[in-house]
Ligand SMILES: [Zn+2]
């Protein structure tokens, strides 16, 4: 408790501590991004094989050792099996697993087989650290600040998972929506009433857009996960932030979508979740500033 009080009285110390904490959390999020889709596939397979003896195919692009484990019907969790090099299955030692530092010392290569360790690992760690610092700077070492950290960390994981697999796991979005209602029962971000309406409008607004889009084009533009993610943000930030989030995410999504289409010709399946998540983080941190600035342009 003394430590918390110290952090509350010293902003610089708080930013350093939460920056370092963010690096470690980012390291864990890398594991979550990689493993949660595999865990989902594993549980789908379990359900399927209970239903019929035939088993679903594993996506080939997932890295070898973990896929072997899933195929061998061993349960996979976030903590087990221990982290391994995806190329040579070399077990990663604790000193090779220090956020950022290990990647720099190993120069982004496996110590055993020298295969490239993707740049995404240190990037996720750095981004998580940076966002943690911004959250604490904005909300302080408070109940709201700490709960906002949980929101942002989960959004980082969802961004990575959706980007890789076009999936937004219910086992992340549902608890996060519940947590949004719970923290706002204490009015930490918006009133309880706003939180409930935010949840409903968040889900419905995208649902309507997709239905209209389908009526016009006969194509499914978005997945169910996207509605759920917007419902989560509505529960946390209230209905007033939804227009900003939808506007920002569509803008970001179209810009990136156009760039990708120019680059790759016909685009691969496009995940919209990451842009909703990014817009949500912007709205959490700076939403009221942006809305006030916008409304301020019309006051004389
Ligand atoms: Zn290796």
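Just one of 99, 86, 75, 81 is part of a loop (DSSP other than H, G, I, E, B), within 18 Å of residue 34 (Cα to Cα) and within 14 Å of the ligand (Cβ to nearest atom); which is it?
86
Of the residues 148, 115, 143, 82, only one is at negative phi and crowded, with 16+ Cβ neighbours inside 10 Å; which?
Unique residue meeting the criteria: 148.
Mind listing just one residue for me: the one in segment 191-206 that is within 16 Å of residue 276 (Cα to Cα) and touching a helix residue (DSSP H, G or I) at 6+ places or on another chain (Cβ under 7 Å) and, of those, surrounded by the most Cβ atoms within 10 Å (Cβ to Cβ)?
202
What are the pairs, 6+ residues apart or on separate chains, where a residue within segment 114-142 that is farther than 21 Å from residue 32 by Cα has its Cβ under 8 Å from a residue that is within 16 Å of the ligand (Cβ to nearest atom)?
Close Cβ pairs (under 8 Å, with a partner that is within 16 Å of the ligand (Cβ to nearest atom)) amount to 115/85; 115/86; 115/87; 115/88; 115/109.
Could you pull out every one of the helices (runs of 4 or more DSSP H) wholly within segment 205-300 that has 2 or more residues that are over 22 Å from residue 156 (Cβ atoms)?
Details: elements: 224-237, 242-264, 273-296.
Qualifying helices (runs of 4 or more DSSP H): 242-264, 273-296.
Scan segment 109-135 residue by residue and report those that are within 14 Å of the ligand (Cβ to nearest atom) and in contact with a helix residue (DSSP H, G or I) (Cβ under 8 Å, 6 or more places away or on another chain).
Those that are within 14 Å of the ligand (Cβ to nearest atom) and in contact with a helix residue (DSSP H, G or I) (Cβ under 8 Å, 6 or more places away or on another chain): 111, 117, 121.
Read-outs throughout are calculated quantities, based only on the coordinates presented, and are distinct from any laboratory measurement. Everything quoted here is computed from the prediction, not taken from an experiment. Here Cβ is always computed from backbone atoms with ideal geometry, including for glycine, and neighbour counts include all displayed protein chains.
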